[in-house]
Amino acid sequence: MYRAMDAESIVIFVCLGFLALLIAGINSFVIYLVSKTPNLRSATNICLASLAMSDMMTGLVSIPLVITCSLTLDYRGICVGSDMLSRFISISTALHLLIVTLERYIQIVHALKYNSIVTINRVIAVLIATWTTSATVTIIQRAWQSSSDDSDANREDVIYGLSCVVGIVLVPLAIIAYSYLRIFVALRHQLKIIQRLNSPVERSTSLRKRKVERKAVTIFGCMILTFICCWFSYFMDGIREDIGSDQFTYPVQVEVFLMFLRFISALVNPLLYTFLKEDFKIAARSTLFKRDDYNRTSCIYQTDYTPSTDTPV
């Protein structure tokens, strides 16, 4: 049974559908680039491709579920599934950003140990653990929600919500903030060393590579800020609902804005590293315009180590 729709609802659903197509399309393009371009198969980019798979679920599954929930008002079935998927994607995004930050931290701060620490097998194992953890943390809430004692279930929901905010948001963000502080200090120290080089050619090449590294770090920083802006209200609203605080409710327009803001994260992430990260930008240009200029220019902008099947990344 579907509820009747007014003109405003139709406009919202059409916009959501268009956004879903954009999200699915751009993230599919990212996955295609990494799978078809050997020079893009670095540790960082493999993690970004995994994040793109998570973001793609927003367009393919999450938004359609939100639309279906709004039409059917099936709060015990479709709407529960929609909320669980949103939580899964939020956790997955946070963990992926943490992994990308730590990989970049090791590469810049502990460059000499990078090859011995980061290997292709370890990257894949960490990504599998990320998806498994995201699914487990999401599903585990259902264990006590089926309890007949509503008071116990509500108490568990509050503990669960607070644990997610602290363990999945605040702690990773603290680690990320510390890592970026160390990264910028290391880049500044490396810049001072480069400026003392005698050879102009060597100095120019090193400065170019440091500039690309700093740009990549800035892009990942923007992705983290996007996550905070887009998802923070989602976690806070979840805690507010768990504790039964109904004294404050958003106007309908604000709720719609926050819903779109949450989904926008899945579109902003791939746009940032596809059109701003140099190796992705070159590969995208070569693919879209059928230009064979990737191999001629990628060595200038390559800042990641490219993994092979049997050797360290």
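Every read-out reported here was derived from the displayed coordinates using simple, explicitly stated rules and does not represent laboratory data. The structure displayed is predicted, hence computed values, not measured ones. Here the Cβ is made from the backbone with ideal geometry for all residues, glycine too, and neighbour counts use every protein chain on show.
Summing Cβ point charges (Lys, Arg +1; Asp, Glu -1) relative to the Cα centre of the range 7-281 gives a dipole of roughly 2240 debye.
Let me check I've understood the local charge: for T138, count other residues with C-beta under 12 angstrom from its C-beta, Lys and Arg +1, Asp and Glu -1. What total comes out? Residues near T138 contribute +1 overall.
Students often check this: by mean Cβ neighbours within 10 Å, which of 182-188, 233-239, 26-32, 97-103 ranks highest, and how do the rest follow?
Working: 182-188: 15.0, 233-239: 17.0, 26-32: 19.7, 97-103: 21.9.
The most tightly packed comes first, giving 97-103, 26-32, 233-239, 182-188.
Scanning residues 5 or more positions from T119 or on other chains, those with amide H under 5 Å from its amide H are V313, with H placed 1.01 Å from N in the peptide plane. Can you give the local net charge around I26? Use residues other than it whose beta-carbon is closer than 14 angstrom to its beta-carbon, Lys and Arg +1, Asp and Glu -1. For residues surrounding I26, the net value is +1.
For the range 7-281, pairs of C-alpha atoms spaced more than 30 angstrom apart make up 36 percent of the total. Take every pair of alpha-carbon atoms less than 8 Å apart whose residues are at least six positions apart; their mean separation over the length of the range 7-281 yields a relative contact order of 23 percent. With 27 Å as the limit on Cα-Cα distance, the pairs of K192/K281; K36/K192; K192/K277 that go past it are K192/K281; K36/K192.
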